[in-house]
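Trainee: Below: one structure in structure tokens.
The values are calculated or read from the model by the stated rules, or taken from the named source; none is laboratory data. Small disclaimer: the values here were computed from a predicted structure and weren't measured. Every residue, glycine among them, receives a Cβ derived from its backbone with ideal geometry; neighbour counts consider all protein chains shown.
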């Protein structure tokens, strides 16, 4: 370990001097001392040297005695070099201490390493930023090896500027591109095709814009999401846009994505046919959400002439390409309901897993991002693109030393990993959530300066959110158990009073802290946690203040049923049915996608399953969901192995489907042990309006099918549901003996 008390700097070259000035700002921010530029290298503690050899992404660091030399071809490499120093220093009594020898030559594994930072209305943060905020974030991203920033012009040819935005979107694009060029950051443009424009009009409008943008290295038109053009026209547009871009940026590359429009069947194969013509105007292909093919299949099909750039979504938790626990789809419905799609979401272990699955197919990546809630993920992903065998905890320690300088890096790294572990299983069963909050709260007490650090505050807020959801769930589950006992005593008034019981003071304090932190984060960094006060673009866009109080147990649903039951003749009977909604006999079966999860199917589903969570969506208070319906399985097929039935008894299969009837669907099929029990229009079977009115909510309906006893093999069935056009969309099903269902 080497301690630095003096910060004398010598530079060789114009870019070296620019890098040294940036470095000086960082040292002053950490120590309060302004470094001195020396006239002689012999006097210096830090040397910045600009060389003629190497490439823009490589750098060298030399350590001798108490002198550090940073060497690179230009400003980009020199920023990477001094960033490595910043990543490995800690505060000491008289200055700063370098904790390990960082000497060596460094070159990245992937040539494209970046993040999308589009200035538009949808992000949870970026649209509130100034140019200086972006400048600061450019450097923060570069400190983990990013070499590309991706911006977004007008999405549909016109401004959608909101009240938070200080600049017009394309005015901003021009300035931000020039700022990126100062740091030698490549600029990519995500620029979708628009309906209503001819090929010539699209190329002309883009060419006029591109001529004003100081730096463009790549253009990324998505094939779909948005976009609805046949593959041949899509490629024709890409060629025309590429030609228009090259008039002002001769080296700008064209990277279309293989994201398939939902409205065009077989679009992916048509795209491959176009690529097999080997057009020179195309430089590579992008793999992104709504992809035409899985990664390995895409790489097999796309001609080897074209490298593949990855577009991983590191921002979203549900209703996305890589939801939480994407390899098993088991993020608990209580967490989904409260935290929704775009909360603060450090997922370092999971993204390491994704990186290992995908890196062999790519030349690099530019991640999809909608603000700062994925800030940890940005650092982790970029570091893996530079150092593919990097140790994950080492990356997090570097992150802590860089952005929480002076605090305990070990505890911060552990706290980030703990936040990811908070999302394992039912929060009611995860006592680690409590200790995670204790860790983050203690950091704020031990290091008071962290309470003005937006990175710390958003991680603290996430820890509090997890705690609130855990303790609300524990509290409400206990109420439901107590209310059931009161119902067994036929005391409806007690049932009502128990279910209406208020939270304790500790819960109210923690919940209020979330609101206070949200306000502070908006003022510090522009984080938008609701649509009313902080102008989030929508409830899904990080607006956790609008989802945190969503139901996460059956408490609210039971109260709604109680309101109905008290107006009926059989109040106790109705409430008994409600409390026992999911109960079946030992030789029957109940399955909920939300409650049971796909792991209990006994087999792996075929295809890329999409889970559509309903628990976090805004709902009419008159129709709260029962927890059994919080999640909808959405795939072309579903399969499950079920045992324990009575072999000599007919059964009824009752499925709760999302109500999306389409007249053209004719192959909705249900099979039991290979035997077809229904095939035809959606949904067939028998309706049960009385059951639906009480046990379901608008937008869903139940359908009942007969399972003849001769189809059951020694009490076992293999259940299959399929539909090749729209897919199977259901939330739950019951398999109940025929004579019991209507009793």
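Trainee: If only one of 214, 153 is under 26 Å from the mean Cα position of the chain (by Cα) and closer than 20 Å to residue 253 by Cα, which one is it?
Mentor: One residue alone meets the criteria, 153.
Trainee: Which residue, of 578, 536, 543, 594, is under 26 Å from residue 618 (Cβ atoms), surrounded by 14 or more Cβ atoms within 10 Å (Cβ to Cβ) and more than 24 Å from the chain's Cα centre (by Cα)?
Mentor: That would be 578, the only listed residue that is under 26 Å from residue 618 (Cβ atoms), surrounded by 14 or more Cβ atoms within 10 Å (Cβ to Cβ) and more than 24 Å from the chain's Cα centre (by Cα).
Trainee: Same structure, new question: It is to be established whether one or more residues within the range 177-194 are farther than 24 Å from residue 251 by Cα and either touching a residue at least 24 places away in the same chain (Cβ under 8 Å) or not assigned by TED's automatic domain parsing to the domain that holds residue 18 (or both).
Mentor: yes
Trainee: Moving on to the next point. More than 15 Å from residue 4 (Cα to Cα) and surrounded by fewer than 16 Cβ atoms within 10 Å (Cβ to Cβ): which single residue out of 133, 140, 101, 127 fits that description?
Mentor: 133
Trainee: On to the next question. Check every one of the helices (runs of 4 or more DSSP H) wholly within the range 344-461 and list those with 3 or more residues that are over 27 Å from residue 222 (Cα atoms).
Mentor: By residue number, 392-403, 409-421, 432-446.
Trainee: Moving on to the next point. Could we say that residue 408 is in contact (Cβ under 8 Å) with a residue 24 or more places away in the chain, in contact with a helix residue (DSSP H, G or I) (Cβ under 8 Å, 6 or more places away or on another chain) and under 27 Å from residue 471 (Cα atoms) here?
Mentor: In short, no.
Each row is one residue, and each column tells you yes or no for (1) buried (at least 19 other Cβ atoms within 10 Å of the Cβ); (2) touching a helix residue (DSSP H, G or I) at 6+ places or on another chain (Cβ under 6 Å).
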| residue | (1), (2) |
| --- | --- |
| 301 | no, yes |
| 305 | no, no |
| 323 | yes, no |
| 333 | yes, no |
| 353 | no, no |
| 361 | no, yes |
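Trainee: Identify, please: which residue in the range 46-61 is surrounded by fewer than 18 Cβ atoms within 10 Å (Cβ to Cβ) and more than 39 Å from the chain's Cα centre (by Cα) and is, among those, farthest from residue 17 (Cα to Cα)?
Mentor: Start the filter on the range 46-61 by keeping residues that are surrounded by fewer than 18 Cβ atoms within 10 Å (Cβ to Cβ), which leaves 51-56.
Those still in the list that are more than 39 Å from the chain's Cα centre (by Cα) too: 51-53.
On the way: 51: 13, 52: 16, 53: 18 Å.
Selected residue: 53.
Trainee: Related question: Hey, among 643, 715, 674, which residue is modelled with pLDDT of 95 or more, exposed (fewer than 14 other Cβ atoms within 10 Å of the Cβ) and out of contact with any strand residue (DSSP E or B) (no Cβ under 7 Å at 6 or more places or on another chain)?
Mentor: Just one listed residue meets the conditions, 674.
Trainee: Can I ask one more? Here are some conditions: (1) without any contact (Cβ under 8 Å) to a residue 12 or more places away in the chain; (2) within 26 Å of residue 309 (Cα to Cα). Residue 169 meets all but one. Which one does it not meet?
Mentor: Here residue 169 meets the rest and fails (1).
Trainee: Would you mind stating whether residue 569 is under 30 Å from residue 467 (Cβ atoms) and assigned to a loop (DSSP other than H, G, I, E, B)?
Mentor: Numbers: under 30 Å from residue 467 (Cβ atoms): no; assigned to a loop (DSSP other than H, G, I, E, B): yes.
Against the criterion (under 30 Å from residue 467 (Cβ atoms) and assigned to a loop (DSSP other than H, G, I, E, B)), residue 569 does not qualify.
Trainee: Can you tell me which of 630, 638 is under 30 Å from residue 497 (Cβ atoms), within 28 Å of the chain's Cα centre (by Cα), modelled with pLDDT of 95 or more and crowded, with 20+ Cβ neighbours inside 10 Å?
Mentor: Within the list 630, 638, the selection yields 630.
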